[in-house]
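Here, each number is a calculation from the coordinates, and none is a lab measurement. Just so we're clear, the structure is a prediction, and the values are computed from it rather than from any experiment. Methodologically, a virtual Cβ is constructed for each residue, glycine included, from the backbone with ideal geometry; neighbour enumeration extends over all protein chains shown.
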Amino acid sequence: MIDLELLERVKNDALYDRAFQCIAGGMLSNYKHKEGDKPTFIARTEGAHFYDFDGNKYYDFCINYGPSVLGRHNERFRKFLMDELEKGYTPDLKEIQIEAAEAIKKCVKGIDLIRFALCGSEADMMAVRVARGYTGKNYVVKFAGHYHGAFDFILGGTSTPENPVAVDEEREGDIYNSITNTIGRGKHALMDTMIIEFNDLPAMEKLFEERGDEIACVLFEPIPVNIYGCVPEPGYLEGVRELCTKHNVVLIFDEVITGFRLALGGAEEYFGVTPDLWTFSKAIGGGFPVAIFGGKKEIMEGIVECKTLSAGTFQGHPLCSAAIVGLTTILAENDGAILKKINRLGNMLAEGFLERAKAHNIPLIVQGFPGAIVPVFTTKDKIINNADALENCDQVIYFYFSTRMNQLGVYNLQRYSCCDEHTEDDIQYAIEAADKVFEELEMFM
Ligand code: PLP
């Protein structure tokens, strides 16, 4: 087992120094920087592994922050892209966008109409605009700790139960809140957002009773993978659906992570609850930069009538649309065999983590779902929302575990996702690495 802390990554460090001279911070995203580590430059990929320029091998459970469900070498997927590329690379309206939209409609039953975007942040912002246009109302409700992209209006914010309108402040001890804070945000950007806790139906009921006539939409991840993988309590999603219908609030599922990973039909298929609008990105493009938003015909009508603006030079780029067609075709084959495999490996990883943690007396639960599992250090048997996490999770160990796993070559983003190229040997490696970290932790606990 490698330990990067003990290795000199000479070529990698030289690349970082070079990158630092021409790319701000020498990295691609603030979130892709691991505290205390220099970013890793990928020289080549093989199976579910990649190698840095010094020849070190990494077991990749980050899979490009989620998108690469098929892995990075699927020949058939490549062919879908190459076939489109060979027709000439014009970012224009062709048949492939219709095929992509039809493929999505076939998977996600409640969607009537879609539009394309380039990333999850853009799709979320557009869904909010559509909801505002449809309802004629202004406020957006989102949940504490949830992440919907890096743009001013949907990033971060805190609130109090007495006053749910978001403010741009650091909340002490809340690591998630601190990493979504930014300088340079427009002064009024968060003032149209209200923040309440996930899995707290009475709080939503009270808010809707008091201010439902001002609220355009509720935007959230049906399984908030970004917030300790909390799972909706029984009846919660149904309750939210009911409240939204009663108060004419548009219900938006942000399926940027759960989409095409939780199930081919997403959270609607998995939970049996249908939102009004959806956003998808990451997995839907199998590694290419594409997102979509869409939903019920009457809600998308503003775009149909050109009253709600949706525009962009590269939206629906043929190569990205071909990626959607390729991904959905391949995932649907053999009765969804690839997602079944990913689920099986994810469950195996979760069980391995739990078993080894128990052997070392480390209080651990695993949340999320098999396609994106989140190890959470707590003595409780579940964590239901941000407030619960702040009170009952050990965030220091949470980040220590993630950092040490990265150093041991198990590339992760606090959550762990498998792809079609993972093998049982890869899972075993990750479990052995976890065992080593639990052993280290046991000495401090
Ligand atoms: N929504 C969720 C749930 C996400 O996890 C992310 C990104 O991680 C986004 C939206 C934003 O997507 P993107 O980074 O493609 O803009």
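Here the Karplus relation 6.51 cos²θ - 1.76 cosθ + 1.60, evaluated at θ = phi - 60°, turns the backbone of region 377-390 into coupling constants of 9, 7, 8, 7, 8, 7, 10, 9, 6, 4, 4, 4, 5, 4 Hz, with x for every Gly and Pro. In order along region 83-95, the phi-based Karplus estimate (6.51 cos²θ - 1.76 cosθ + 1.60, θ = phi - 60°) of 3J(HN,Hα) comes to 4, 6, 4, 5, 7, x, 8, 10, x, 10, 6, 9, 6 Hz; Gly and Pro are listed as x. Largest mean-square fluctuation among 175, 431, 324, in a Gaussian network model of the chain whose springs join Cα atoms under 10 Å apart, belongs to 175. More than 37 angstrom separation, counting every C-alpha pair in the chain; what % is that? The answer is 24 percent, as a whole percent. Applying a threshold of 28 Å to the alpha-carbon distances of 94/137; 206/282; 87/341; 109/282; 187/382 flags 94/137; 206/282; 87/341; 187/382 as lying beyond it. Distance from the alpha carbon centroid of region 368-445 to that of region 322-367 works out to 14 angstrom. Mean residue ellipticity at 222 nm, helices only, the chain: -12500 deg cm²/dmol; runs of at least 4 DSSP H residues each add -39,500 (n - 2.57), and the sum is divided by the number of residues. Computed with the Debye formula from one identical point scatterer per Cα of region 176-326, without solvent, the log10 of I(q)/I(0) at q = 0.10, 0.18 Å⁻¹ comes to -0.42, -1.33.
Remark: the Cα gyration tensor places region 156-253 in the oblate category, a/c being 1.5 or greater and a/b not exceeding b/c. Between 257, 179, 330, find the one with the highest GNM mean-square fluctuation for the chain; connect C-alpha pairs within less than 10 Å. Looking only at 257, 179, 330, the largest GNM fluctuation is found for 179. With Cα atoms as the point set, the radius of gyration and Dmax of region 362-445 evaluate to 13.0, 38 Å.
For the peptides 143-150, 3-10, 248-255, 107-114, residues were scored by their other Cβ atoms within 10 Å and the scores averaged per peptide; the highest-first order is 248-255, 143-150, 107-114, 3-10. Here's how it looks for residue 421: its modeled amide H is under 5 Å from those of 71, which are all 5 or more places away or on a different chain. Dipole magnitude for the chain: about 1000 debye, using +1 per Lys or Arg Cβ and -1 per Asp or Glu Cβ, origin at the Cα centre. What Kirkwood hydrodynamic radius, in Å, does region 1-102 give when the mean of 1/r is taken over all pairs of distinct Cα atoms and then inverted? It is 16.6 Å. For the listed peptides 92-99, 54-61, a ranking on the average number of other beta carbons within 10 Å per residue, highest first, reads 54-61, 92-99. Histogrammed with a bin width of 10 Å, the alpha carbon distances of region 40-165 distribute as 9, 23, 31, 25, 11, 2 percent, first bin at zero. Taking the charge dipole of the chain about its Cα centre, with +1 at Lys and Arg Cβ atoms and -1 at Asp and Glu Cβ atoms, the residue from 237, 43, 208 reaching farthest to the positive side is 43.
Here the Debye sum runs over all C-alpha atoms of region 293-426 as equal scatterers in vacuum, and log10 of I(q)/I(0) at q = 0.12, 0.22 Å⁻¹ comes out as -0.72, -1.26. Our coupling estimate for region 49-56, obtained by passing each phi through the Karplus curve with A = 6.51, B = -1.76, C = 1.60 and θ = phi - 60°, is 10, 9, 10, 7, 6, 9, x, 6 Hz, Gly and Pro reported as x. Could you please report the charge total around residue 312, scoring K, R as +1 and D, E as -1 over all other residues with beta-carbon less than 12 angstrom from its beta-carbon? That sum, taken over residues with Cβ under 12 Å, equals 0. The lysines within cross-link reach of residue 38, meaning a Cα-to-Cα straight distance under 24 Å and a gap of 8 or more places when in the same chain, are 11, 57, 436.
Averaging the Cα positions of each part gives two centres, and for region 183-223 and region 62-105 these lie 35 Å apart.
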